[in-house]
1. Return the residues of region 73-107 that are open to solvent by less than 10 Å² (accessible area, probe 1.4 Å), over 30 Å from Cys42 (Cβ atoms) and either not in a strand (DSSP E or B) or not β-branched (Val, Ile, Thr) (or both); say none if nothing qualifies.
2. Which one of these does Pro59 not meet: (1) within 15 Å of Ser174 (Cα to Cα); (2) in a loop (DSSP other than H, G, I, E, B)?
3. Checking Asp57 against (1) in contact (Cβ under 8 Å) with a residue 24 or more places away in the chain; (2) open to solvent by 50 Å² or more (accessible area, probe 1.4 Å), which test does it fail?
4. Is at least one residue of region 3-16 aliphatic (A, V, I, L, M), within 25 Å of Ala73 (Cα to Cα), open to solvent by 50 Å² or more (accessible area, probe 1.4 Å) and within 19 Å of the chain's Cα centre (by Cα)?
5. Which ones in region 164-181 are more than 16 Å from Trp143 (Cα to Cα) and among the acidic types (Asp, Glu)?
6. Would region 131-145 turn up any residue that is part of a helix (DSSP H, G or I) and under 22 Å from Thr21 (Cα atoms)?
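The values are calculated or read from the model by the stated rules, or taken from the named source; none is laboratory data. On a predicted model such as this, the values are computed, not experimentally measured, just so you know. Cβ placement follows ideal geometry from the backbone for every residue including glycine, while neighbour counts extend to all protein chains displayed. The accessibility values were calculated without ligands, DNA or RNA, using every heavy atom of the protein model including side chains. Shrake-Rupley method; radii C 1.70, N 1.55, O 1.52, S 1.80 Å.
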Amino acid sequence: LLQHIMGAPAGRWTRGRGRRTQNWGGRPSAATVAEALPAWLCVMVDALVASGAWPADEPPPNHVIINEYEPGAGLTPHTDGPLYLARVATLSLMSDVVMELHEPVDEAVACEEGTRLGRLLLRQRSLNVLSDEAYRCFHGIRWADSDVVDEGVANFRAADATDGEEVRRARRVSIVFVSKL
């Protein structure tokens, strides 16, 4: 997977604060799917559906966003918006990180501590799927060199974590699968 990602043409990447991004299937803000996914991503979409991680009765992912995060980089809490089916599957590669979910109020208050609903540990080589109400929450990653995993992390037992474990952040790649309506 990393060979496909890193082997993409330089023009496929765009830069943002602490990360660079590839979009497959078109731009996130565009209402239509502008291009077919490449064969290697189609294989992954088929695997998501075959495994049941993406329900076979829903339109399969047709848009993929690949992010490469610098160590310690975060992501401002946000929602993916109304252009997408209420489901997102994220495959994490190269580094663990803790993602936070916030109440779906509005962007101006999404970062306030009082709006946080929970935290999820995204292990490297793990798949995380948010749907329905969880999908409608603001999701983000705080800027930090490490995260501490404790019982406040909803999936810490399922992710084979220990209470108080420090997760040091390294370069991280995420492959985000969504379906434009």
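1. Gly74, His102
2. (1)
3. Unmet for Asp57, out of (1) in contact (Cβ under 8 Å) with a residue 24 or more places away in the chain; (2) open to solvent by 50 Å² or more (accessible area, probe 1.4 Å): (1).
4. Within region 3-16 (the criterion being aliphatic (A, V, I, L, M), within 25 Å of Ala73 (Cα to Cα), open to solvent by 50 Å² or more (accessible area, probe 1.4 Å) and within 19 Å of the chain's Cα centre (by Cα)), the answer is yes, since at least one residue qualifies.
5. Glu165
6. Yes, there is a match, as at least one residue in region 131-145 is part of a helix (DSSP H, G or I) and under 22 Å from Thr21 (Cα atoms).
Conditions (1) over 14 Å from the mean Cα position of the chain (by Cα); (2) without any contact (Cβ under 8 Å) to a residue 12 or more places away in the chain, marked per residue:
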| site | (1), (2) |
| --- | --- |
| Gln22 | no, no |
| Ala39 | yes, yes |
| Ala50 | yes, yes |
| Tyr69 | no, no |
| Leu83 | yes, no |
| Arg119 | no, no |
